[in-house]
Amino acid sequence: MLEPWKNQLLSPKTAFTSEKDSGNVLYIMADTSKFSILVVGSGGREHALVQMCLKSPLADRVIATPGNGGMASEVDCYKVGVEDIEGIVQLAQDHHIGLVIVGPEVPLSLGLVDALQAVGIPAYGPNAQGAQLESSKVVCKDFFARHNIPTAEYGSFTDVAAALEYLDTHPAPIVIKASGLAAGKGVIMAETQAEAIAAVKDMLEGNAFGASGHEIVIEETLYGEEASIHAIVSGDDFVCLPPSQDHKRAGEGDTGLNTGGMGAYTPTSRVTAEMQAQIEAQVLRPTLDGFKADGIHFCGTLYAGLMLTPKGVRVLEYNVRFGDPETQVLLPMVADDLVPVLLASAKGEALPAKLNIHPGAAIVIVLAAGGYPDSYAKGDTITLPTTTPERSAIVHAGTKRAEDGTITTNGGRVLGVSGQAPSLQAAADLAYGVCDQVHFDGKYLRRDIGHQELNR
C-alpha cells in the first residue's frame, strides 16, 4: 500500500492525483524537483513558514525578506520592505525563486502576487482583486450580503452624521470597525453609546487609524465563542487545516484592547466534525461560488473568523493570508509536506482532498513587549534558553539580530512559544514552562490561553 504523500515523479508539473487502495483515497505528489523559496514578511507567521519550508524535501534554498532576528539565524534575509513590490519581484528574479510565499496582507493588497505572476514566478496568495476581501471590510461585508453568507447585520459609512444616525437605531453594545487594514487593532467593541459615538468620531474625524478608518463598518454585536477556519484555496478547490481559536484581547479573561493576537490553540472541540461540514457547505463553498460569480480567480489562504452563536455560525470577517499566531500552531499539526500544496495553489492546480493531521493539540503563547498594543519599548536584549524540550518551539516575531548574534526586541509581539502534546493541558504546560525561561525587560504574556477549551 502506498503511503499518503509518498514522493513519486508522475509528471513534469506539481499536481495531486488520487488512487484507491483498500478503500482509502491516497494523494500522491506529482513533482519532486527542488526549487528555491522566498518567504515575504517579518512576523511570527513568516518565521513559522520559513521553518516549515526548511523541513521540505522540495526546498533547495529558503530566503526571506525582510525577516527578523530568528529568521536571520536560519536563512539569508534581505532588506526589501513588504511594500516594495518592484524590489521583491527583483529579489525573486535575482535568486531564481520557484515559489514566493506571501505572509502579510499589505503586499497582497498592493498586488505583489499579480506582479510576480506577470514575470512567471508562482506566488502563494490571492491577487489584488481577491485581497480586497481583507483590505476593505466594506467590500467583505458587501460580498457576504451579495452571496448570502451568514454574518452580522451592518452598515458602512464615510460620513459622521450618517453613522451617528445609524447608532440612534442600532444602540450599543455595538462593534465599530475601521474598513481598511489596521494590523488587527482597528476594532472597537463599544459597550456603551458614549463609547460608540466616540469611536465613530475618532475614526472618521480624529484619524485614529489613518486612512484605514476613513470608512467604517458598524455591525451588531454577536455573542458566542470565536473560532478560526483556515482553508488553502485553488480556484474551485479547497482543503482545510484544523479549526483553531485565537485570543485577540490583551488581558486575561479576554479583556482589554484588541491586539494582533496574544495566543492560539488547535483544535477546538466546539468545531465538531458535523459543524466543520456545515461551515464548508454554508460558508466556504458559497464563498468560492461567489468568487466565480464576481469574476475573482482566488488562490491562497481563506481565513474565516467565525462566531459560533446560539443561532448558528456567523462569519465575522475574512482574511486572505495565514493568521498570526494561528500559523504557529497549525503548521506543526500538519503531518504532510505543505510546500507542494502551496505550490499547487499558487499555480491554480488541484489540491488534495484532505491533509493528514497529527493527533493531540498545539498551543502558542505570545510574549509581548510591555505596553502592547499601545506604546512599547524596543531594543531590549532577549535571553533565550540554550535548549528547549522536544515538541516545543520558539518562533520570533518582533525581534532583531545584531552582527554579534545578540537578539533584541523590535516589535509589540516579540516571540511565540509553542507546545505540542497529546492533550491541550499538556501542550500548555510545555509552552508555559519554556515561556518562563525567556527573559527581556517588560515581558508580558497571558496565562490563560486556551482557557475556554481547558474549562469545558
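Overview of results
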| read-out | value |
| --- | --- |
| Per-region count, segment 381-401, residues open to solvent by 100 Å² or more (accessible area, probe 1.4 Å), not in a strand (DSSP E or B) and not polar (S, T, N, Q) | 2 |
| Selected residue (only one of 211, 199 is farther than 30 Å from residue 358 by Cβ, crowded, with 18+ Cβ neighbours inside 10 Å and not aromatic (Phe, Trp, Tyr)) | 199 |
| Options 153, 134, 205: the member that is in contact with a strand residue (DSSP E or B) (Cβ under 6 Å, 6 or more places away or on another chain) and open to solvent by 60 Å² or more (accessible area, probe 1.4 Å) | 153 |
| Residue satisfying all of: in segment 93-105; touching a Ser or Thr at 6+ places or on another chain (Cβ under 9 Å) and under 19 Å from residue 56 (Cα atoms); most open to solvent (accessible area, probe 1.4 Å) among these | 96 |
| Search result, residues across segment 329-355 that are open to solvent by less than 10 Å² (accessible area, probe 1.4 Å) and either touching a helix residue (DSSP H, G or I) at 6+ places or on another chain (Cβ under 8 Å) or among the small types (Gly, Ala, Ser) (or both) | 338, 339, 344, 345, 352 |
| Residue satisfying all of: in segment 223-235; out of contact with any Leu (no Cβ under 6 Å at 6 or more places or on another chain) and open to solvent by 30 Å² or more (accessible area, probe 1.4 Å); nearest to residue 180 (Cα to Cα) among these | 226 |
| Residue match in segment 304-318 (condition: in contact with a helix residue (DSSP H, G or I) (Cβ under 7 Å, 6 or more places away or on another chain), crowded, with 24+ Cβ neighbours inside 10 Å, of a type in the set (D, E, K, R) and closer than 30 Å to residue 220 by Cα) | no |
| Whichever residue in segment 106-117 is touching a residue at least 24 places away in the same chain (Cβ under 8 Å) and surrounded by fewer than 24 Cβ atoms within 10 Å (Cβ to Cβ) and, among such residues, is nearest to residue 92 (Cα to Cα) | 115 |
| Close pairs (9 angstrom Cβ cut-off, 6 or more residues apart or separate chains): closer than 29 Å to residue 293 by Cβ and modelled with pLDDT under 95 in segment 226-254, in a strand (DSSP E or B) and of a type in the set (A, V, I, L, M) anywhere | 226/306; 226/307; 226/308; 226/316 |
| From the options 264, 277, residue that is among the small types (Gly, Ala, Ser), in contact (Cβ under 8 Å) with a residue 40 or more places away in the chain and either buried (at least 22 other Cβ atoms within 10 Å of the Cβ) or within 30 Å of residue 344 (Cα to Cα) (or both) | 264 |
| Of residues in segment 302-317 being out of contact with any strand residue (DSSP E or B) (no Cβ under 6 Å at 6 or more places or on another chain) and either assigned to a loop (DSSP other than H, G, I, E, B) or within 22 Å of residue 39 (Cα to Cα) (or both), the one modelled with the lowest pLDDT | 311 |
| Flag if residue 363 is crowded, with 20+ Cβ neighbours inside 10 Å and closer than 30 Å to residue 237 by Cα | yes |
| Among (1) surrounded by fewer than 21 Cβ atoms within 10 Å (Cβ to Cβ); (2) outside any loop (DSSP other than H, G, I, E, B), the one test that residue 253 misses | (2) |
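The values are calculated or read from the model by the stated rules, or taken from the named source; none is laboratory data. Since the structure is predicted, the reported quantities are computational estimates derived from the model, not experimental observations. When we count neighbours, we look across all protein chains shown, and the Cβ atoms used for this are built from the backbone with ideal geometry, even at glycine. When the accessible area is computed, the model is the full protein with side chains, heavy atoms only, and any ligands, DNA or RNA have been set aside. Shrake-Rupley method; radii C 1.70, N 1.55, O 1.52, S 1.80 Å.
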